[in-house]
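Some notes on the structure that comes next.
What follows draws every value from the coordinates through simple rules; no lab data is involved. Computed from a prediction, not measured in an experiment: that's the story for all the values here. Every residue, glycine as well, gets a Cβ built from its backbone with ideal geometry; the counts of neighbours run over all protein chains shown.
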Amino acid sequence: MTIESSELFGIHSECHKPTGVEESTILNFYSDQEENLVTTTVNILSVYIICDDKLELVEEFELWGKICSICKVRFAGAPRDSILLSFEEAKCSIVEYEPETETLQNVSMHFFQEETLKHGFRKMNALPLARVDPFQRCASVLVYGNHFAILPLRYNPLPLHS
């Protein structure tokens, strides 16, 4: 039996958008002048403007993978906050808003899927929770429920040529 590409799409397409908020944080996503509420719903990152005690949905970003936790990250000298996202199966990424293209830009991506960390498990039992040091020096991600991955938070864009 062969599966046509249109049938395969039908198996993996989403019928309805997720509706329940799972994680949220307040940060300066677009600029230092305004606070934003960022929420996650399975694989959707929603950004709201907080104005006069009201929330206004500004933008939604669809991501590839279930978002398990989000944290605010502030790099020294950056014009706006970034977001640390952790995903299922020991993956995490730091993203920031790119005003010129009005999209999310990856600052860094990490995965911790070594067999030695899994201890024989095929699937992760615990969610990869992420937390950021209050002084913005480092972040930690819980990997496979038994290990912590420490990410130093330095943002030094390197020049292409000296």
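A few points about this structure:
- Straight-distance crosslink candidates among aspartates and glutamates, where the alpha carbon sits under 17 Å from Lys72 and sequence neighbours closer than 8 are dropped: Glu22, Glu23, Asp32, Glu34, Glu35, Asp81, Glu96, Glu98, Asp133
- At 0.692 mPa s and 37 °C, Stokes diffusion of the range 20-152 via Kirkwood alpha-carbon radius, µm² per second: 212
- Partners of Lys91 within straight-line reach, counting aspartates and glutamates whose Cα lies under 12 Å from its Cα and excluding those fewer than 8 residues away in the same chain: Glu114.
- Counting 0.36 nm for each residue step from Lys54 to Met109 and taking away their Cα separation leaves a gain of 16.4 nm.
- Computed about its Cα centre, the charge dipole of the range 20-152 is approximately 840 debye, with only Lys, Arg, Asp and Glu carrying charge at their Cβ.
- When peptides 135-143, 26-34 are sorted by average Cβ neighbour count within 10 Å, with the highest value leading, the order is 135-143, 26-34.
- With contacts taken as Cα pairs under 8 Å at a separation of at least 6 residues, the range 20-99 carries a relative contact order of 24 percent.
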